[in-house]
Amino acid sequence: MNILVPVKRVVDANVRVRVAANGSIDTTGLKMSLNPFDECAVEKALQLRETGSAAKVTAITCGTPASQDVLRTALAMGADDAVLIDTSAATATLDSLAVARLLHAHMTSRDYGLVLCGKQAIDGDIGGVAAMLAALLDWPQALNASELTADGNGWAVTCGDDTGTATWRLEGAAVVSADLRLADPRRVTLPSIVKAKQKPLASVDAATLAVELAPQAHIVKLSDPPVRQAGIKVADTSALIAELAGRHVFDQTGLSA
């Protein structure tokens, strides 16, 4: 059984981005990295291979040739091979549906038993690719997975949300999106980086997949978050409650100060 791990190239999580005067984010000169959620997905896929639950791990991304760096990172972690779907000029406007369609087109002639990706990318925070791809494939899905194990001919997946956690059993091939708790990514060493350069990395022109890439979602506005106001110190609990009451914190809770 082979695992496909879609990954994305994003601005490094430690870099603080700014919205330019024209309402866009200029990534020129910024450090780019493998999306942290996807990194956890790669790690879990490798663990499944190492325990004998999978035979092969393939990393894939949609973007320009510059995105090969995150594929090399996945290869350095231990992925067997990688695929770049080169979307050239359309890359800047790719939305979740377009990416899901490209992945689906790639998978039609290949045999995968599991798609394991990050639950969201830290740039857009949309988290729509996994669910959309599952719908296109007509496969069962589990989102925000914190645990994943092989279970017979399927998968046991523990997923979390605002109400708690639930464990699901998915029959057969499935799509799973990874939370950060799913796996702790291994360190990439210099020898593994050197070996990664020898591993196969295929490039596919998106035009050959005959997929509609026109975006269905559009960014209306980008803006920096409001500046955080300075805090205050209070003398005791009574002063704290009085300050909160003065700011009407309890108005919508039904509590009385």
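The values are calculated or read from the model by the stated rules, or taken from the named source; none is laboratory data. Note that the coordinates shown come from a computational prediction; the quantities given were computed from them, not determined experimentally. In this analysis, Cβ positions are derived from the backbone assuming ideal geometry, glycine residues included, and neighbour counts consider all displayed protein chains.
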Given (1) buried (at least 19 other Cβ atoms within 10 Å of the Cβ); (2) under 15 Å from the mean Cα position of the chain (by Cα); (3) not basic (Lys, Arg), index of the condition residue 122 fails: (1)
Segment 1-50, subset without any contact (Cβ under 8 Å) to a residue 40 or more places away in the chain and among the polar types (S, T, N, Q), residue farthest from residue 151 (Cα to Cα): 22
Residue match in segment 191-211 (condition: under 26 Å from the mean Cα position of the chain (by Cα), at pLDDT 90 or above and of a type in the set (Asp, Glu)): yes
Subset of segment 82-104 [not in a helix (DSSP H, G or I) and not polar (S, T, N, Q)]: 82, 83, 84, 85, 86, 94, 95
Matching option when the condition is within 21 Å of residue 49 (Cβ to Cβ), surrounded by 16 or more Cβ atoms within 10 Å (Cβ to Cβ) and at pLDDT 95 or above, among 157, 175, 188: 175
Pairs, first touching a residue at least 60 places away in the same chain (Cβ under 8 Å) and surrounded by 10 or more Cβ atoms within 10 Å (Cβ to Cβ) in segment 213-231, second assigned to a loop (DSSP other than H, G, I, E, B) and of a type in the set (Val, Ile, Thr), C-beta under 7 Å, six or more apart: 213/87; 222/19; 222/25
Strands (runs of 3 or more DSSP E) contained in segment 135-216 and holding at least 3 residues of a type in the set (Gly, Ala, Ser): 141-151, 154-161, 174-178
Check on residue 50, surrounded by 21 or more Cβ atoms within 10 Å (Cβ to Cβ), at negative phi, out of contact with any Cys (no Cβ under 7 Å at 6 or more places or on another chain) and of a type in the set (D, E, K, R): no
